[in-house]
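Encoded as structure tokens, the structure appears first; notes follow it.
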Amino acid sequence: MKTQTAARISQWANRLVFLTLVVTTVLLQQILHWYSNYRILTAGESIGIMAGYYACAPVVAFGLWNLERMLGDILSGQVFTRENVRRVSRVRWCCGIVAAICVAATVCYLPLVFVTVIMAFLCLVISVLVCAMDAAVTIREENDLTI
């Protein structure tokens with residue numbers, strides 16, 4: 001029961017993050033204009049932020065889509081499956097790609113180094129999770145073959 005509740009909450013949080021991604025993608029220029037009232041941005045910094053954001057947005061959307069599919073499987077009782085291992089692995093690669101894009105964008109806007117570190121750490125944590133899930137799926141598959 002707790003798993004179902006947590007998965008349902010996670011699913012709605014995932015959808016809220018996706019909606020936020022869409023809204024900020026559409027309104028990014030206005031958001032940067034507003035932000036420049038609080039911190040002066042050069043033209044290069046604004047371009048770096050926009051280029052990095054627009055490069056990351058489809059990767060993040062793909063990661064969120066994989067999470068949505070995985071949460072749907074969890075809600076239907078299919079937790080430890082090879083497909084879910086592949087989905088988590090895709091999310092790991094999305095984190096790594098975002099980290100790489102942010103490294104490149106730090107040339108234009110240095111504070112993106114923090115996003116880089118966070119995404120690289122998240123990539124590492126998810127890599128460990130992929131290994132654990134893969135082992136769990138292997139054990140489940142072996143147990144399914146046992147009479």
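The values are calculated or read from the model by the stated rules, or taken from the named source; none is laboratory data. The shown structure was predicted, so the numbers you read here are calculated from the model rather than taken from an experiment. Here the Cβ positions follow ideal geometry from the backbone for every residue, glycine too, while neighbour counts run over all protein chains shown. Surface accessibility is based on the protein's heavy atoms, side chains included, excluding ligands, DNA and RNA. Shrake-Rupley method; radii C 1.70, N 1.55, O 1.52, S 1.80 Å.
Things to note:
- Criterion: in a helix (DSSP H, G or I) and not basic (Lys, Arg) - qualifying residue of VAL79, VAL113: VAL113
- Test result for LEU41, at pLDDT below 95 and either touching a Leu at 6+ places or on another chain (Cβ under 8 Å) or at positive phi (or both): yes
- Residue pairs meeting the criteria (Cβ under 9 Å; at least 6 apart or on separate chains; first open to solvent by 90 Å² or more (accessible area, probe 1.4 Å), in region 109-121; second among the β-branched types (Val, Ile, Thr) and outside any helix (DSSP H, G or I)): none
- Checked against the criteria, GLN30 counts as open to solvent by 80 Å² or more (accessible area, probe 1.4 Å) and more than 30 Å from GLU141 (Cα to Cα).
- Contact map, region 54-74: residues that are more than 18 Å from ILE9 (Cβ to Cβ) and part of a helix (DSSP H, G or I) paired with residues that are open to solvent by 30 Å² or more (accessible area, probe 1.4 Å) and not charged (D, E, K, R), Cβ distance under 6 Å, separation 6+ or inter-chain. Pairs shown: ALA55/ILE101; CYS56/ILE101; ALA57/THR25; VAL59/ILE97.
- Unique residue being open to solvent by 30 Å² or more (accessible area, probe 1.4 Å), in contact with a Cys (Cβ under 8 Å, 6 or more places away or on another chain) and closer than 22 Å to ARG92 by Cα when the list is VAL22, VAL17, VAL60: VAL60
- Of all the residues in region 116-147, those that are within 30 Å of SER36 (Cβ to Cβ) and either of a type outside the set (Phe, Trp, Tyr) or not in a helix (DSSP H, G or I) (or both) number 6.
- Yes/no for ARG86 being more than 25 Å from VAL23 (Cβ to Cβ), modelled with pLDDT of 95 or more and assigned to a helix (DSSP H, G or I): yes
- Pairing residues of region 96-107 that are open to solvent by 10 Å² or more (accessible area, probe 1.4 Å) and of a type in the set (Gly, Ala, Ser) with residues that are at pLDDT 95 or above and outside any helix (DSSP H, G or I), at Cβ distances under 9 Å and at least 6 apart in sequence or on separate chains, gives no pairs at all.
- Taking the listed residues SER76, SER89, the one that is under 22 Å from ALA6 (Cα atoms) and either open to solvent by 50 Å² or more (accessible area, probe 1.4 Å) or touching a strand residue (DSSP E or B) at 6+ places or on another chain (Cβ under 8 Å) (or both) is SER76, with no other qualifying.
- Among the residues making up region 28-49, those that are assigned to a helix (DSSP H, G or I) and of a type in the set (Gly, Ala, Ser) are ALA43, GLY44, SER46, GLY48.
- Apart from one condition, TYR53 fits all of (1) on the phi < 0 side of the Ramachandran plot; (2) surrounded by fewer than 17 Cβ atoms within 10 Å (Cβ to Cβ); (3) out of contact with any Cys (no Cβ under 7 Å at 6 or more places or on another chain); the exception is (2).
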